[in-house]
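Asker: Dropping the structure in here first, questions after.
Just so it is clear, none of the values below were taken in a lab; they were calculated from the coordinates. Everything numeric here is computed off the predicted structure, so don't read it as measured data. Don't worry about glycine lacking a Cβ; one is built from the backbone with ideal geometry, like all the others, and counts go over all protein chains shown.
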Ligand SMILES: CSC[C@@H](O)[C@@H](O)C(=O)COP(=O)(O)O
Ligand SMILES: [Zn+2]
């Protein structure tokens with residue numbers, strides 16, 4: 001991959017990070033973002049671990065290889081959850097993968113954990129996932145949150161299929177992807193809108209039931 005492409009991808013991911021950060025979607029240094037730089041062999045930029053993701057610096061991202069290891073000499077540590085991004089790239093046509101912790105995605109993951117998924121139907125915004133039929137259903141699988149990251153990555157991998165665009169991790173967050181940064185961000189925004197609307201409906205219309 002040429003340096004210019006790496007720079008362009010870096011810029012693209014940094015811009016997405018700024019927008020998500022402005023929404024407060026990285027509380028307590030949580031969250032991690034990645035963007036694919038090359039396909040064969042797989043290489044992607046991923047956020048450095050434990051950083052304040054509301055700040056924009058020259059050390060925000062690390063280039064990693066197909067084994068989630070740094071592809072160049074660096075003191076920086078790739079995100080602790082890099083393996084989840086690797087799985088997304090291995091199993092989908094994604095060019096970008098976004099993971100955030102929000103109050104809404106955490107509450108939804110807990111509310112529907114026993115069902116193992118949450119579904120949305122009859123909501124205009126499921127069109128953001130290219131679901132145009134009137135009776136179309138958007139399904140969001142929910143997985144447990146084992147501390148051992150390879151186990152978590154395997155649970156995620158089991159839920160990935162053509163009609164899945166993101167997976168909720170119980171009491172943790174959501175991992176979302178898209179063919180490029182624009183689409184991944186679109187998917188993430190649509191998920192969060194659907195979660196917030198659903199929770200507002202339950203509180204205000206159903207009295208919290
Ligand atoms: C500090 S809480 C969040 C972490 O445990 C993790 O879930 C997370 O999203 C961020 O980890 P990171 O290693 O910075 O990518
Ligand atoms: Zn996380």
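Asker: For region 28-90, compute the orientation-averaged projected area of the C-alpha convex hull (one quarter of its surface), in nm².
Answerer: 4.0 nm²
Asker: Same structure again: Could you give the nm distance between label points at residue 117 and residue 55, where each point is 7 Å from its Cα heading toward the beta carbon?
Answerer: 4.2 nm
Asker: What value does region 1-121 have for Rg/Rh, both radii from Cα atoms and Rh as Kirkwood defines it?
Answerer: Across region 1-121, the Cα-based Rg/Rh ratio is 1.00.
Asker: Relative to the longest principal Cα axis of the chain, at what angle does helix 149-159 sit, 0 to 90 degrees, rounded to 10?
Answerer: Once rounded, one gets 50 degrees.
Asker: Here's a follow-up. Could you give the angle, 0 to 90 degrees to the nearest 10, between helix 181-204's Cα long axis and the longest principal axis of the Cα atoms of the chain?
Answerer: It is inclined by approximately 30 degrees.
Asker: Ok, one more. Students often check this: by mean Cβ neighbours within 10 Å, which of 72-80, 15-23, 151-159 ranks highest, and how do the rest follow?
Answerer: Result, highest mean Cβ count within 10 Å first: 151-159, 15-23, 72-80.
Asker: For region 3-204, rounded, prolate or oblate, judged on the Cα gyration tensor with a ≥ b ≥ c (square roots of eigenvalues), a/c < 1.5 rounded, else prolate if a/b > b/c?
Answerer: Prolate, because a/c is 1.5 or more and a/b exceeds b/c.
Asker: Restricting to DSSP H runs of at least four residues, report the calculated mean residue ellipticity at 222 nm for the chain, -39500 (n - 2.57) per run over all residues, nearest 500 deg cm²/dmol.
Answerer: That calculation yields -11500 deg cm²/dmol at 222 nm.
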